[in-house]
Structure formats: C-alpha cells, structure tokens
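Structure first, commentary second.
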Amino acid sequence: MGRTRTRPAAGLVLDAGALIALDRGDKRMIALLQRALGQGRVFRVPAGVVGQAWRDGRVQVTVARFLRSDEVEIFSLDEQLARPEPAQPGEIA
C-alpha cells in the first residue's frame, strides 16, 4: 500500500550543469525534470547559476522557457543560505 503524502514535495535546487544539460537537449536531464514535475516538485535556481549558464536568450529558448515557468524560482544565494547551520540530532533538515 502506498503512503499518503501529508506535505508537498520538496523543491530541487538546480546547478549550472543541469541548465547546460537542458540547453543541450540532454534526454536524461529532460526525463529527470519531467519526472520531478510529475511528482509535484518545484525547482529553485540560484541567480548566480543562471549567470553561469546564460549565454544568449535568442538561442537558449529551452532554458529561457524553463526559467520563466511557474515551477521555477530564481533566488539570491547569500552566505547564510549557502552555509546554513547544521541540523541538530533529531531535526529534519
């Protein structure tokens, strides 16, 4: 018997490699993203990652469309987010 999900699926943080793979039409990356969408997941992309992967929106149509989608949040990554306090024993990170 399957478990009932009591909270929404967690988001996935994507790195530059994921955006570059998407831009190149990598079938495995596309399948992973589609599977995550099917599970109700959302994507978080640090603004610096967009800067690393972005070259030209006129030719990066797939990446541009992905980044504009409702399932993607582009966020600022500051030191506090980059290096959070470690979870205490028994806490869920």
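Some points to look at:
- Taking a Cβ cut-off of under 12 Å around PRO46, the surrounding Lys, Arg, Asp and Glu residues balance to a net charge of -2, with basic ones at +1 and acidic ones at -1.
- Remark on PHE43: its backbone amide H falls under 5 Å from those of LEU12, VAL72, GLU73, a criterion applied only to residues 5 or more positions apart or on other chains, H modelled at 1.01 Å from N.
- Rounded to whole Hz, the Karplus (6.51, -1.76, 1.60) HN-Hα couplings of the range 60-74, x for glycine and proline: 9, 4, 5, 5, 4, 5, 4, 5, 7, 5, 5, 7, 10, 10, 9
- Pairs of alpha carbons in the range 38-85 separated by more than 17 Å make up 42% of all such pairs.
- In nm, spacing of pseudo-spin labels at VAL50 and ALA82 (7 Å Cα→C-beta vector): 1.8 nm
- Inter-label distance for LYS27 and GLU73, nm, one decimal - labels placed 7 Å from Cα along Cα-to-Cβ: 3.4 nm
Coordinate-derived values only; no laboratory data. The structure displayed is predicted, hence computed values, not measured ones. Glycine also receives a Cβ, built like all others from the backbone with ideal geometry; neighbour counts cover every protein chain displayed.
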